[in-house]
Every structure is written in structure tokens, then in C-alpha cells.
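Below: one structure, written as C-alpha cells.
All of the numbers you see were taken from the coordinates with simple rules; none came from a lab. If you're wondering where the values come from, they're calculated on a predicted model, not measured in any experiment. Here the Cβ positions follow ideal geometry from the backbone for every residue, glycine too, while neighbour counts run over all protein chains shown.
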Amino acid sequence: MSHKILLKRIYELQEEQDGYRVLVDRLWPRGIKKEAAHLDEWAKEITPSTEIRKLYHQGEMPFEGFSQAYIEELNGNKAAEEFVGKCQNLLESQNLTLVFAAKNEQENHAMVLREWLRRRLRTRYQ
């Protein structure tokens, strides 16, 4: 795996270095036309459940609790396991950019997903 898993807000311009672009939000971002998003995939099935997403955004769940709950969801999600395999293949030839709409670029579900993917991809080589 010689390429990177990148994070980018959907409101940022697409760049050649983005490689394969995947929207990792359950809801379509406001104000963005599908043609303008330049996405290769919309992976709704690997996003946080509505329940934990709402708890986190309403301030009823700290980021650490949200992260743990989301990782548990990913670990039990067959679509997420299939996504790991797809990512492994993609990363052999290009970067993978996880595209998200969250305003908070320091604490969001895309960060959790990227770290989960990195750990899963490492264990596939051991």
C-alpha cells in the first residue's frame, strides 16, 4: 500500500491527488450539486447510525464515546468489511479521499473511519 487515505470537506475543490473520492456522510451535503461533487462513490452504508450521530451532534455524547460507538458499528458491519477490501485494492494504484461535510475538521466521523481503515488494512498484512 503506497498511497494515502486522505480527508477532505466536500466544499473544498477536487484535486488530482484526491484519487478515488468517497462521500462518507449518510445525508447529502447541503448546497452541493451531485455533478459538482466529483465523487466516485457514496458509501452511506458505512456511516455512523442516525442514533449515535444525533447524540454526538446534540452534545449528549462526547467525541470519545461517539468514536467508540462508531468503531463498534463498523466492526459489526458487513458492508464496512467489504469496503476495507475495496480500499486495499484502490490504494495499490491511487489515493483514497474520504469526503465529508462536517464543519469540525478535528473531531468527526471521517477521522474515525480513516483510523479504523488504517488499522484494518495493517492487520491484513500480518
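Along Cα→Cβ, 7 Å out, is where each label goes; now give me the distance between the ones at residue 9 and residue 93 in nm to one decimal.
3.2 nm
In a GNM of the chain with a 10 Å cut-off on Cα contacts, which of 57, 38, 109 has the highest mean-square fluctuation?
Sorting by GNM fluctuation, first place goes to 57.
If r is the Cβ-Cβ distance from residue 106 to residue 71 and R0 is 25 Å, what FRET efficiency results, to the nearest 0.05?
According to the calculation, E is roughly 0.90.
When the helices in the chain are scored as -39500 (n - 2.57) per DSSP H run of 4 or longer and the sum is shared across all residues, what 222 nm value do you end up with, to the nearest 500 deg cm²/dmol?
Roughly -13000 deg cm²/dmol at 222 nm, from the helical runs in the chain.
Of the listed pairs 8/103; 4/78; 33/78, which have alpha-carbon separations greater than 19 Å here?
4/78; 33/78
In debye, nearest 20: dipole of region 5-123 around its Cα centre with unit charges on the Cβ of K, R (+) and D, E (-)?
With only Lys, Arg, Asp and Glu charged at Cβ, the dipole is about 120 debye.
Out of 46, 71, 32, any idea which swings most in a Gaussian network model of the chain, alpha carbons joined below 10 Å?
In the Gaussian network model the winner is 32.
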